[in-house]
1. Taking the options L210, L198, name whichever one is at positive phi and either of a type outside the set (F, W, Y) or part of a strand (DSSP E or B) (or both).
2. Can you tell me which residue is surrounded by the fewest Cβ atoms within 10 Å (Cβ to Cβ) among those in region 308-337 that are under 17 Å from N292 (Cβ atoms) and in contact with a Phe, Trp or Tyr (Cβ under 9 Å, 6 or more places away or on another chain)?
3. Tell me which residues, restricted to region 151-194, are under 19 Å from N81 (Cα atoms) and among the hydrophobic types (A, V, I, L, M, F, W, C).
Amino acid sequence: MSFCADEIRRLSLQFTMFASAMVFAGCSGIVPTPPEDIQKEFPASAPRATVTNFNQALVCLDNLMVIHQSQPIYLATQGLNNFTSDRSISDGGKEMLITALAQMSNRSRGVRFVSFGSDIRDILDLQGAHPDKGDFRVPDYFIRGGVTQHNKNLWSGQEGAGASTEFRGDDSATGSFSLLGGYGSLTVDMSAGFISNLQIVPGAVTSNTLALQNTEGTSLTADLTLGDLGFSYSLSENVSRDFNMVYRALVQVGAVELIGRLQNLPYWRCLANAGAAENRDRQLLERFEQLNAADRSTLVRIIQQALKDSGYYDGPITGAADDATMVAVDAYQQQHNVLATGRIDFDTFKLLNLYTPARDLPYVQWWENDPKVGKVGAPFGVAASVAVPIGK
């Protein structure tokens with residue numbers, strides 16, 4: 001009698017496990033969906049602007065040309081090409097360059113792109129054939145270059161662990177997980193030359209390399225065996241990032257360098273703090289909150305001075321957030337593609353201190369604790385020797 005009861009319990013347990021496995025398998029049959037942060041960055045329901053960490057550097061150079069009242073230069077290009085064997089790199093380098101040049105001349109009109117065929121000779125031919133050739137403007141310079149190195153497997157790694165256990169004879173459970181990641185790099189070379197003689201302008205060259213964690217993934221497996229019944233489960237998730245976004249960012253950096261040199265501008269002010277830096281942004285946020293809570297008028301004066309230096313504001317430096325200041329803040333926010341509210345928020349404060357076309361130093365040295373005085377020197381606690389009032 002005891003044997004029969006044990007056998008009934010064993011069969012009941014196996015049936016319960018089998019039924020549970022079928023229900024779980026049915027539920028797990030739902031198609032996996034991307035994580036929320038991926039869907040937010042790449043929404044399927046609406047188009048989004050293509051933005052890199054260097055878009056603000058383009059706007060900064062535009063402001064720099066406004067400050068220096070730069071005369072427009074006329075450009076053409078034979079195209080930016082992929083000189084590597086990797087066919088996954090886009091053929092749209094020329095279009096990326098045109099977009100970058102347009103973004104950096106929105107206010108200043110400091111760059112005019114002349115678009116013809118794929119060869120510079122088309123421009124010279126058109127000058128003689130165009131019916132309005134008297135008004136035709138031959139470009140001053142051409143830009144050439146492209147992707148010269150691409151190592152998408154610069155580094156890869158995998159890490160994992162597993163465990164297993166046995167209980168009651170043939171019953172057992174096992175499980176494992178693994179994490180993987182890949183790292184690669186891309187190099188873009190660009191140069192500018194004279195249309196008149198097809199010679200490269202001395203010093204007007206740029207070569208930059210940027211790395212990308214292009215792959216990352218997670219996998220999980222689990223197995224359970226109860227007598228003659230077995231159950232297994234697996235889950236994997238992989239993210240692949242496109243090197244063409246790196247290509248676009250490098251084209252933007254190269255455009256800032258080349259146009260800055262051709263216009264004889266201190267373009268490094270626009271690149272010094274470009275890119276993502278969590279530690280820097282956190283310190284900037286702490287600085288903003290400190291000023292906003294304890295010395296609001298100083299914060300407003302800093303904003304007014306920065307906007308005045310870049311040509312957005314022409315009123316007095318009062319420390320009062322009046323209508324004229326709010327209009328200037330709104331214009332600056334629109335130009336930099338942040339939410340335009342006219343209010344002095346952290347995003348505006350950060351941009352005004354990271355991209356300072358009118359000066360080499362930010363208006364607030366966020367690595368110092370004194371809200372009244374900024375010090376000339378390197379960031380993040382490096383000692384400095386000269387003290388200057390903020391806004392001067």
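Every read-out reported here was derived from the displayed coordinates using simple, explicitly stated rules and does not represent laboratory data. Please read these numbers as outputs of a predicted model, since none were measured by experiment. Quick reminder, even Gly has a Cβ in these numbers, built from the backbone with ideal geometry, and neighbours come from all protein chains shown.
1. None of the other options fit; the residue is L198.
2. T325
3. Of everything in region 151-194, those that are under 19 Å from N81 (Cα atoms) and among the hydrophobic types (A, V, I, L, M, F, W, C) turn out to be L186, V188, M190, A192.
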